[in-house]
1. Give the number of residues within the range 35-59 that are of a type in the set (Lys, Arg), surrounded by 14 or more Cβ atoms within 10 Å (Cβ to Cβ) and more than 13 Å from Ala109 (Cβ to Cβ).
2. Do you know which residues across the range 282-296 are in a loop (DSSP other than H, G, I, E, B) and free of Cβ contacts under 8 Å to residues at least 60 places away in the same chain?
3. For the range 91-99, indicate whether the set of residues that are touching a helix residue (DSSP H, G or I) at 6+ places or on another chain (Cβ under 9 Å), within 19 Å of Arg40 (Cα to Cα) and in the same structural domain as Gly33 (by the TED database) is non-empty.
4. Residue by residue through the range 106-133, note down the ones that are more than 20 Å from Ile55 (Cα to Cα) and surrounded by 20 or more Cβ atoms within 10 Å (Cβ to Cβ).
5. Could you please find all residues in the range 247-281 being touching a strand residue (DSSP E or B) at 6+ places or on another chain (Cβ under 9 Å), at pLDDT below 95 and in a helix (DSSP H, G or I)?
6. Given the condition out of contact with any strand residue (DSSP E or B) (no Cβ under 6 Å at 6 or more places or on another chain) and hydrophobic (A, V, I, L, M, F, W, C), answer yes or no: does some residue in the range 224-243 qualify?
7. Would you mind telling me which numbered condition in (1) in a helix (DSSP H, G or I); (2) in contact with a strand residue (DSSP E or B) (Cβ under 9 Å, 6 or more places away or on another chain) Gln85 fails?
8. With respect to Pro115, is the statement that it is at pLDDT below 95 and either more than 22 Å from Gln171 (Cα to Cα) or of a type in the set (Ser, Thr, Tyr) (or both) true?
Amino acid sequence: LNGPYLTRCMAVSEDFLKHLPSTECPLIARGIGKLWPAVRNWNLNYLTKNINGNIQFRMGRKGISVFQRECDALYISATVDDFAQWVNNSCQPNNPFIDYSCSEWWAYASYLHMPACPPLKSLIEDVPWSTLSPYFPKNSDSTFWLGTSGSHTACHYDTYGVNFVLQVLGQKRWILFPPSDTQFMYPTRIPLEESTVFSEVNFQQVDFINFPLVLNTSPTVVVLQPGDVLFVPRHWWHFVESIEGDGSVTCAVNLWLDQPSLDNEERCKESLTQLVCLSLMHSCKDKGIFQSLHVPERELALSSNWFETLKNAFRVNLHSSMSTVYNSEPPAKTFKHDSMDWAVPPTCDIIEILPELQKLNALPAADPFSIEKLLRAFTDPEVIDLVFSKFFK
């Protein structure tokens with residue numbers, strides 16, 4: 001079972017951050033990866049030939065206002081060849097996508113950890129992160145993303161580490177918000193997914209009436225093209241969507257990098273969050289509440305030893321957070337790409353990027369008391385921070 005005791009970002013020397021012009025804001029390096037094998041070679045034909053086996057695609061409807069949560073989504077297991085047939089409107093009768101019109105649905109293979117996904121292992125060497133910096137390991141723990149226009153991830157921030165993203169095919173629009181905007185983002189841990197704090201706001205169709213504080217945010221918008229690399233700083237919110245470009249397919253690869261001096265404490269808080277959430281869920285008569293968990297968390301919750309697992313995880317992570325010693329040994333080489341390659345994208349007004357959403361009508365009011373609201377309250381990051389602080393008094 002996955003959990004806060006097993007999941008890890010790629011741990012490297014935190015000294016690599018010193019070679020960036022800033023670690024407090026997003027950075028974009030245009031075309032810095034354009035000569036990498038992934039950017040030069042990957043297209044649907046190449047991926048069809050080199051990805052042998054099925055991968056999971058999350059399906060979503062285009063042009064609807066309903067918040068499409070990942071834990072509620074339809075998933076299809078298919079080959080990239082099946083996906084390519086669907087995109088090209090040439091499905092064979094046994095194609096798993098055949099019942100879903102490409103004009104009405106989007107598909108997204110997301111969060112695929114390449115070393116742990118056998119069909120993707122042969123592609124790992126096509127993304128040589130170590131050419132960016134000697135601080136990056138040669139065999140990186142990259143994550144693979146393949147989708148059609150309209151596919152997206154809900155707005156969230158990652159509690160662990162920092163993030164580097166390479167755009168390989170198509171275009172993706174990133175809307176990023178600084179940690180200082182958290183007070184305006186309506187943070188929630190429900191649906192529960194490890195190391196992920198979601199926003200209650202549906203950024204595909206923002207309801208400014210029920211979520212008016214969003215108007216106070218200061219977003220940064222970046223459209224990634226093939227070969228671009230984006231640096232996402234620690235705890236920056238982001239909503240990411242595949243958009244229409246030269247083709248209907250987008251592909252990206254990212255690398256989460258651990259910051260050991262900070263992330264051990266975050267893993268403690270993750271263990272606490274899951275302990276609180278699953279304890280409340282198990283005391284609830286309506287077992288349908290477990291559907292608000294992502295699959296790994298649901299598997300843990302339904303196991304017979306979930307409490308002992310999380311209790312032990314908290315104990316181990318607490319010990320690690322109290323005894324973290326960070327040693328840095330600079331590598332012999334220097335950073336290959338100097339600060340001139342990185343640019344700071346500008347901020348903008350939220351209305352500039354979502355102008356049509358000002359006219360939305362209010363959504364129906366939510367139940368003032370519900371189990372989900374109770375879970376949101378008890379797992380709020382501010383509540384977990386307070387509980388965690390009590391262990392040191």
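The values are calculated or read from the model by the stated rules, or taken from the named source; none is laboratory data. Just so it is clear, the model here is predicted, and its values are computed rather than measured. Virtual Cβ from ideal backbone geometry, glycine too; neighbours counted across all protein chains shown.
1. Total meeting the criteria: 1.
2. Correct list: Ser283, Lys285.
3. No, there is no match, as no residue in the range 91-99 is touching a helix residue (DSSP H, G or I) at 6+ places or on another chain (Cβ under 9 Å), within 19 Å of Arg40 (Cα to Cα) and in the same structural domain as Gly33 (by the TED database).
4. Hits for the range 106-133 are Trp129, Leu132, Ser133.
5. Listed by number, the residues that qualify are Pro260, Asp263.
6. Taking every residue of the range 224-243 in turn, none turns out to be out of contact with any strand residue (DSSP E or B) (no Cβ under 6 Å at 6 or more places or on another chain) and hydrophobic (A, V, I, L, M, F, W, C).
7. Condition not satisfied by Gln85: (2).
8. Against the criterion (at pLDDT below 95 and either more than 22 Å from Gln171 (Cα to Cα) or of a type in the set (Ser, Thr, Tyr) (or both)), Pro115 qualifies.
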